[in-house]
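What follows is a set of notes on a single structure, which appears directly below.
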Amino acid sequence: MKKLILSLAATLAAVSLLQAQEPDYRFGKVSEEELRMERYDRDPDAEAVILYEELRTYFLIGNQFTRMTDYFIRIKVLKAEGKEYADINLPYVFQRENYANLDAVAYNLVDGKIVKTPLKKQYLFREQVGDEQWMLKFSIPEVREGTVIEYRYRMNSDFVTYIPSVVVQHDIPTVRMKATVEIPEYLRFNVNTKGYLSINMRENTIAGRIAGTDVPYNVREITTEGRDIPALKKEPFVWNRNEFRSMIDFELSQIAMPFSDVQNFSLTWKDVNEALAETDFNSNIRMGNPFKEETAAIVARNLAPRQTLHELLRLVQSHMKWDGKYRLMSSSPRNAADKGTGNSAEINSVLMAAVKDAGFDVVPLLLNPRSRGRLPLAHPSFDGISTFILRVTLDDGKFAYLDGTDPDSDVDLLPTDLLVDRARIYGVSGDVGWCDLSRLAPGNTHINMTLGFDPELSVHGRITERYTNVPALRCSSAYGDARSEEEYVEALEEEHHIRIDSLTINGLRSAHLTQEFTMTREPETAGDFIYLNATIIPFLTENPFKSPERKYPVEFDNPASYTMQGVLRLPEGYVVEELPRAARFNAFDGDITCFYMAQATNGVIQFNMRFNQKRLIFLPEEYADLQAFYGAVVNICNSRIVLRKQQ
């Protein structure tokens, strides 16, 4: 009996100790242990860590129907870079949403004592960022490496048919989080989890009551909790990182209010098309052509169809400049044409009017730019549609694609952000309405070099670079963005590690661009030896895939091929001491290949490199092989041509 009592006492003591070690997650209860924390062992490189996050979204039903959100977060700043998490931006819609009960405090350990610095109300700012969109902004004071910050607020909204996503995974790691969403029975939502982390989600039914009455109703309670949630790391080659962020999404499916007809909101693409037909979108794409005379003059030239489309595109772009905003519809594209500036909907509506006026059959393609995420497959909605481009049917039954936003774009040459793998043909229902634009304009780069040595043993010669499609667009954009040709040349010199003596560019703002230049490069020397890069100018000097593992896919911009051919005449009195070994790599059943060869004959070195990538997307389980492939290519590119002076 005595042994049992001792055992029970030991168990209670252990439980008490565990409870004592559990942090106090109430607002204002930051501990000295949290302030002394110097790193997060599960992610030693983290610049900050969320110690605790709690969210509750619920509805108040009475004289008004209101969606409420109570939010609280505590963050530990571990490095100087983590101070940015003390700068807070809270979005809201003017006159329909507002924040209340906002508190924010910084905690620092000074001479062994906890010093609190609260946010003063005069440091709250409101900024208009859209027609009705505003931002509540504040910066928590006295934040530095080692600080713990926390803030909380209550937000109320009359957008009761919308529930914001519950974000489980952030850009920094999270020690512990809890979220609850309470949905009254009158609103029915499809609840979907997304991301690469498993989400522990539970559902329960609890009781609610209409304010000021005894009228009860059922509430669907959805709860998730998590511990030690890793950060969603920034990685190269990702179209939209949020597509892989673990979160819970809510999509309205039905409103069933008492004494009212049930309203269903689960849409098909047929529903989306029909709804758009009743909006400004439909009237905009049927507008008259504001550039009728100029269009007629282009048509009168009897150009080939694609050349006619090219001229119509340039016509609209010469009259209208993009304001940088993606929109699906607008109140008046014609006014935008008169002003000379407009959003994507206004510019492409005007472009569509001109193309139709020229006698072409054209239809809008609805899409979301890559940077904003893909259109939903399972649950069609308006929320995922940000803009549209044009698909034109040619006489041979083939299609041509146009977008007027980027002044360097062309027929079938769209900005990479619009080369989506999931666009919808307006007016078409079902699976046949999907359109893949990701392989619309495969990139091709061909570089030819004829080089030798001058009397000072500097490499000197001529380089011709030919770009097709996306590489041509990027080159045009870089040239257009430079403040002068001298600035463009300086950037090209830095990229190639050379000095450029003269430059000629042909084909700007087209799918086929050529730039030629004479160059000089100082090779590395040591005694009787000259060392040169295997490709003279760099191709791939370091592996872009540095992380040991990857949790989400690798997404390249577009299919691409790269060819480099060179002839290098040796300087008088020198011979080849060493050449890089020939290599040929073939991975993923030929989806990505690389070839390199160099040979020397009669005082001349000839080298050839070809890199070809057909596939755009590689899955996480393929990452190790992709990383190894790029590592092998880097090794070739960093290998050397060695010349030796004859004795």
- What strands (runs of 3 or more DSSP E) completely inside region 442-557 contain at least 1 residues that are surrounded by 14 or more Cβ atoms within 10 Å (Cβ to Cβ) and not aliphatic (A, V, I, L, M)? 443-453, 459-468, 499-506, 512-521, 529-533
- Item | Yes/no for Q122 being assigned to a loop (DSSP other than H, G, I, E, B) and either loosely packed, with under 14 Cβ neighbours inside 10 Å or touching a strand residue (DSSP E or B) at 6+ places or on another chain (Cβ under 9 Å) (or both) | no
- Return only the number of the condition from (1) in contact with a strand residue (DSSP E or B) (Cβ under 7 Å, 6 or more places away or on another chain); (2) part of a strand (DSSP E or B); (3) closer than 29 Å to R36 by Cα; (4) in contact (Cβ under 8 Å) with a residue 60 or more places away in the chain that L109 does not satisfy. (1)
- Message: Checking V219 against (1) under 36 Å from the mean Cα position of the chain (by Cα); (2) surrounded by 16 or more Cβ atoms within 10 Å (Cβ to Cβ); (3) in a strand (DSSP E or B), only one condition comes out false. Which one?
- Response: (1)
- Mind counting the residues in region 445-472 that are touching a Pro at 6+ places or on another chain (Cβ under 7 Å) and either free of Cβ contacts under 8 Å to residues at least 24 places away in the same chain or more than 22 Å from Y531 (Cβ to Cβ) (or both)? 2
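Yes/no per residue for (1) assigned by TED's automatic domain parsing to the domain that holds S371; (2) at pLDDT below 95; (3) farther than 30 Å from H379 by Cβ:
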{"position": "A400", "(1), (2), (3)": "yes, no, yes"}
{"position": "V411", "(1), (2), (3)": "yes, no, yes"}
{"position": "L418", "(1), (2), (3)": "yes, no, no"}
{"position": "G427", "(1), (2), (3)": "yes, yes, no"}
{"position": "G452", "(1), (2), (3)": "no, no, yes"}
{"position": "E456", "(1), (2), (3)": "no, yes, yes"}
{"position": "R466", "(1), (2), (3)": "no, no, yes"}
{"position": "G480", "(1), (2), (3)": "no, yes, yes"}
- I172 vs. criteria assigned to a loop (DSSP other than H, G, I, E, B), within 23 Å of the chain's Cα centre (by Cα) and under 29 Å from E243 (Cβ atoms): yes
- Determine whether R152 is at pLDDT below 95 and assigned to a strand (DSSP E or B). no
- If you take the residues in region 227-247 that are at pLDDT 95 or above and either in a strand (DSSP E or B) or of a type in the set (D, E) (or both), which one is nearest to D421 (Cα to Cα)? M247
- Just checking, how many residues over region 93-119 are of a type in the set (G, A, S), under 30 Å from Q64 (Cβ atoms) and surrounded by fewer than 12 Cβ atoms within 10 Å (Cβ to Cβ)? 1
- Is region 405-414 home to any residue that is surrounded by fewer than 20 Cβ atoms within 10 Å (Cβ to Cβ), small (G, A, S), out of contact with any strand residue (DSSP E or B) (no Cβ under 6 Å at 6 or more places or on another chain) and under 26 Å from F556 (Cα atoms)? no
- Note on the structure: Contact list, first residue from region 623-647 and in the same structural domain as P571 (by TED's automatic domain parsing), second anywhere and outside any loop (DSSP other than H, G, I, E, B) and of a type in the set (G, A, S), beta-carbon distance below 8 Å, six or more apart or interchain, is D625/A587; L626/A587; F629/A587; A632/A583; I636/A583; I641/A598
- Have a look at P141, P173, P216, P184 and point out the one that is closer than 18 Å to D87 by Cβ and not small (G, A, S). P141
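The values are calculated or read from the model by the stated rules, or taken from the named source; none is laboratory data. Owing to the predicted nature of the structure, the values given are computational and were not obtained by experimental measurement. Neighbour counts are summed over all protein chains in view; Cβ atoms, including those assigned to glycine, are modelled from backbone coordinates with ideal geometry.
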